[in-house]
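Asks: The following block contains the structure, expressed as structure tokens.
Please treat every number below as a calculation from the coordinates, not as lab data. Only a predicted model underlies this, so the values are computations on that prediction, with no experimental measurement involved. As a convention, Cβ positions derive from the backbone with ideal geometry for all residues, glycine included, and neighbour counts pool all protein chains shown.
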Ligand SMILES: Nc1nc2c(c(=O)[nH]1)N[C@H]1C(S)=C(S)[C@@H](COP(=O)(O)O)O[C@H]1N2
Ligand SMILES: [Mo]
């Protein structure tokens, strides 16, 4: 299932993330490190599809362009963006489209994310919509195409490592940001600084880092990440391991509902006689809202409702907690299950197998042992 054995990331400014790929660097956050309300930069997952670009010497003069199907193509520096448009700050989940992939059986193609290809940070920038209104969308404007400064994984600069796009309607949502800050600090280089897109609710691959250009197109974009069956899922369910043709697939847009248990950590040991524990975690649901979260310690025979903290804004995650009574010492498997406001809950077993392993939202399992080794 895994190309290389997992190891802990050793990188200044980063916590003990789990490395899934070396070059390009891909590292996920162990679920128990996602216990903060706002995910600190040092715990935030990293996903690169290419090599790193040259760091900007002067972030304020970083320039990006909007061209294509607009009345007035614009070229703006970060300083001009900051000076011209209203600033917005939202706490929003960024999640890789492949989060959960390692639970598909048979294994799907790609990085074996568990549940840690996600984090929730406070992003500051301007609404892409405000910039698009200034440029003026032509009637032919249908789709965006995103470009970044990173060379591809072989070092080529004339091709994009990743260049995806979205329908104009998603680009015009007020939460779709051109962001220069993360958790109140200048956007870190590894997370796309000086400037990145943040397209919440949809696969993280739309949130272009080191953003240099948005090309407004009159058709669906066809850059790397848009061709073949990239970021596409079968329209009708297929047998696990089966092949699927592009015309039988659709683009994965909103990510499915998911929850994680961030406390206790998997394989925790509690003193003998412990009869009550607090379980807590986070839940989110792509474009939709989380309606409820429940927790079980008996494989789903009985469920305990969790108390949800209200999200700060749309696309924020919901922090939840539940108190569980334990009937005695022993080994318990805790599962959390979130349900979105359309009534869709997480499955016990990976469902919706697809060749590239997108959108696996199987429940997170955490084992705890109360008392001495059994
Ligand atoms: N320029 C550029 N932007 C990119 C990528 C990339 O490889 N290059 N990877 C995308 C993917 S697949 C994801 S999941 C997110 C990850 O963002 P992070 O590294 O800040 O966590 O960035 C997206 N933006
Ligand atoms: Mo991703």
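Asks: Take residue 154 and residue 239, extend 7 Å from each Cα along the Cα→Cβ direction, and tell me the distance between the two endpoints in nm.
Replies: 3.6 nm
Asks: What list of whole percents do you get for P(r) of region 305-374, with Cα-Cα distances grouped in 10 Å bins up to the one holding the largest distance?
Replies: Binned Cα distances yield the sequence 15, 36, 32, 16, 2.
Asks: To the nearest 0.05, how large is the calculated FRET efficiency for residue 367 and residue 54 if R₀ is 56 Å and r is the Cβ-Cβ distance? Intermediate values should be presented prior to the final figure.
Replies: On the way: r = 45 Å, r/R0 = 0.81.
Here the calculated transfer efficiency is 0.80.
Asks: Let me ask something else. If you line up the Cα atoms of region 241-374 on their principal axes, what length do they span on each, largest first, in Å?
Replies: 57, 38, 22
Asks: Place a point 7 Å from the Cα of residue 326 along the Cα-to-Cβ direction; which residues of region 253-293 have their backbone N under 20 Å from it?
Replies: Residues passing the 20 Å test: 261-281.
Asks: Could you work out how much longer the chain between residue 42 and residue 348 gets when fully extended? Use 0.36 nm per residue separation minus the Cα distance between them, nm to one decimal. The partial results should precede the final answer.
Replies: Working: separation 306, 0.36 × 306 = 110.16 nm, distance 3.08 nm.
Contour length minus Cα-Cα distance gives 107.1 nm.
Asks: Here is a further query. Where does region 49-139 land on Rg(C-alpha)/(2.2 N^0.38 Å)?
Replies: Values: Rg = 18.1 Å, N = 91, 2.2 N^0.38 = 12.2 Å.
Scaled against compact globular proteins, the figure is 1.48.
Asks: May I ask you to derive the FRET efficiency for residue 227 and residue 63 from their Cβ-Cβ distance with R0 = 25 Å, giving the value to the nearest 0.05? Please list the in-between numbers first.
Replies: Working: r = 28 Å, r/R0 = 1.12.
The calculated FRET efficiency here is 0.35.
Asks: Taking neighbour Cβ counts within 10 Å as the exposure measure, how do 158, 298 sort from fewest upward? All intermediate terms of the calculation are to be shown ahead of the outcome.
Replies: Working: 158 6, 298 11.
Fewest to most other Cβ atoms nearby, the residues stand as 158, 298.
Asks: Sort 229, 334, 260 so that the residue with the fewest other Cβ atoms within 10 Å of its own Cβ comes first and the one with the most comes last. Can you show the working numbers first?
Replies: Details: 229 18, 334 22, 260 25.
Exposure proxy ranking, most exposed first: 229, 334, 260.
Asks: Contact order normalised by length for the chain, with contacts defined as Cα pairs under 8 Å and 6 or more residues apart; what percent is it? Don't jump to the answer; show the numbers that get you there.
Replies: Values: 1002 pairs, mean separation 65.5, N = 374.
For the chain, the relative contact order is 18 percent.
Asks: Measuring from a point 7 Å past the Cα of residue 174 along Cα-to-C-beta, which residues in region 68-87 have an amide N at less than 18 Å?
Replies: Residues 85-87 qualify, since their backbone N sits under 18 Å from the label point.
Asks: Still on this structure, I have one more. Rounded to whole Å and ordered largest first, report the semi-axes of the equivalent ellipsoid of region 139-198 derived from its Cα gyration tensor (root of 5λ). Mind dumping the intermediate values first?
Replies: Values: eigenvalues 96, 80, 9 Å².
Semi-axes (√(5λ), whole Å): 22, 20, 7.
Asks: Now for a different question. For a label point 7 angstrom out from the Cα of residue 79 toward its Cβ, which stretches of region 88-127 have the backbone nitrogen within less than 20 Å?
Replies: 125-126
Asks: Sticking with this structure for a sec: Build a GNM of the chain with springs between Cα atoms under 10 Å: which of 328, 357, 241 gets the top mean-square fluctuation?
Replies: 328
Asks: Now for a different question. Run the quick spin-label model on residue 23 and residue 247: label points 7 Å from Cα toward the beta carbon, then report their separation in nm to one decimal.
Replies: Distance between the two pseudo-spin positions: 4.1 nm.
Asks: Shifting gears a bit: What is the gain in length, in nm to one decimal, between residue 268 and residue 309 on full extension, counting 0.36 nm per residue of separation less the C-alpha to C-alpha distance?
Replies: Working: separation 41, 0.36 × 41 = 14.76 nm, distance 2.49 nm.
So the extension gain works out to 12.3 nm.
Asks: Which value does Rg/Rh take for the chain over its C-alpha atoms, Rh per Kirkwood? Intermediate values should be presented prior to the final figure.
Replies: Details: Rg = 21.0 Å, Rh = 21.4 Å.
Looking at the chain, the ratio lands at 0.98.
Asks: Have a look at 303, 320, 202 and tell me which one the Gaussian network model of the chain (Cα, springs below 10 Å) gives the largest fluctuation.
Replies: Maximum among the listed residues: 303.
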